[in-house]
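A.B. asks: Okay, here's the structure, questions in a sec.
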Amino acid sequence: MKLEGIHHITAITGDAQRNVDFYTRVLGLRMVKKTVNQDQPSVYHLFYADEQGSPGADITFFEFPGAAPGVPGAGMLHTIVWRVGSQEALDFWTGRLTDEGVDVERGGDSLRFDDPEGLGHELRVVDVADKPLIADHPEVPGELALEGFDGARAYARDPAASADLLAALGFEPGDGRYEIRGENRGGWWAYDEAPTEPGREGAGTVHHIAWASEMDDHESWRERAIEGGARPTEVIDRFWFRSIYFRELSGVLFEIATLGPGFDADEDPAHLGEKLVLPPRFEPMREEIEAVLTPIENPRASTG
């Protein structure tokens, strides 16, 4: 039983339309679900991924309109690492991001930058057997596109405190990070020394990271988390996947999410993310929910 790398990463935005523009138009991802935060349905939950909405390429955002900028600190994820296939891809993204006014830092096989709200990203040339998870975009050639997550970095005061839990979850230490690899996909997790100042959740910070589980293994992962010293929630049905949540011992909020049912459970795969979709239990509240959400335009839907 192995986790299949990263399932998704969820962050916070204070401006949904700017967020949509950056992740779809600039980074070339596809909006694969426009829905609401199921714990607070008055705010958006926006999902961007590859063309199929695959776990492993899925970055999501809660919109809290006008949210103050956050600052990552101890117990918070600070950098999301994406795969690209070549140095030519790094050249492409250096030019594209610079043209958009984004400051970039090029170094060897990697490129670092922040999104408009300060969320840290790194593109890294990686040679793995995993299937590239690519979205179609008219300005981003497929061979240069983002290929899904490679790993993520968090701040910790005492990284060793998390070692037993990570071992229980199947993470293997090596080269300053923890590797996790399932039958079809893998990734990694790493800690950096935390800043002296405490972190503050807000726009541009990560809310949680989710790791991918096969459907039949999900309950067993809950037991593994307990054995490792965590206090996971009961299984929560998120309609498109099922989840458990717990704090790892350095303070980062972990989720283990199933690889199904998937985003095509209630939408035609050709039209993912083009309209507001609500899990069935929220449909009776649709009129109330739509009245408080900020209208946003999905560039792909408007031109498709």
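Here, each number is a calculation from the coordinates, and none is a lab measurement. Since we're looking at a predicted model, the values are computed, not measured. Here Cβ is always computed from backbone atoms with ideal geometry, including for glycine, and neighbour counts include all displayed protein chains.
A.B. asks: Tell me what the chain gives for mean residue ellipticity at 222 nm when only DSSP H runs of n ≥ 4 count, each as -39,500 (n - 2.57), the sum divided by the residue total, rounded to 500 deg cm²/dmol.
C.D. replies: -4000 deg cm²/dmol
A.B. asks: Rounded to whole Å and ordered largest first, report the semi-axes of the equivalent ellipsoid of the stretch 6-303 derived from its Cα gyration tensor (root of 5λ).
C.D. replies: In descending order, the three semi-axes are 26, 24, 19 Å.
A.B. asks: Go through 255-264, 53-62 and give me the packing order, highest mean Cβ count within 10 Å leading.
C.D. replies: Listed from highest to lowest mean packing, they are 53-62, 255-264.
A.B. asks: Still on this model: Note down the net charge around residue 236, summing +1 for each Lys or Arg and -1 for each Asp or Glu among other residues with Cβ under 14 Å from its Cβ.
C.D. replies: -1
A.B. asks: What trypsin sites (Lys or Arg not before Pro) in the stretch 240-304 are in a loop by DSSP, with at most 15 other Cβ atoms within 10 Å of the Cβ?
C.D. replies: 275
A.B. asks: Sort largest first and round to whole Å: the equivalent ellipsoid semi-axes of the stretch 195-304, each the square root of five times a Cα gyration tensor eigenvalue.
C.D. replies: 30, 21, 14
A.B. asks: Under the definition of Cα pairs under 8 Å and six or more residues apart, what whole-number percent is the relative contact order of the stretch 48-179?
C.D. replies: Value for the stretch 48-179: 33 percent.
A.B. asks: Same structure, new question: Taking only the alpha-carbon positions of the stretch 1-90 and ignoring solvent, what does the Debye formula give for the base-10 log of I(q)/I(0) at q = 0.16, 0.19, 0.26 Å⁻¹?
C.D. replies: -0.75, -1.02, -1.45
A.B. asks: Let me ask something additional. Work through the residues other than residue 130 whose Cβ is under 14 Å from its Cβ and net out their charges, Lys, Arg +1 and Asp, Glu -1.
C.D. replies: The answer is -1.
A.B. asks: Defining a contact as two alpha carbons under 8 Å apart and six or more residues distant in sequence, what relative contact order in percent does the chain show?
C.D. replies: Taking the mean separation of contacting Cα pairs over the length of the chain, I get 26 percent.
A.B. asks: In whole Hz, what ³J(HN,Hα) sequence does the stretch 254-260 give by Karplus (6.51, -1.76, 1.60; θ = phi - 60°), x for Gly and Pro?
C.D. replies: Calculated HN-Hα couplings, in order: 9, 10, 10, 10, 7, 7, x Hz.
A.B. asks: Below 8 Å between Cα atoms, with a sequence gap of 6+, how large is the relative contact order for the stretch 103-180 in percent?
C.D. replies: 13 percent
A.B. asks: Please give me the summed charge of the neighbours of residue 29: other residues whose Cβ is under 13 Å from its Cβ, Lys and Arg +1, Asp and Glu -1.
C.D. replies: -4
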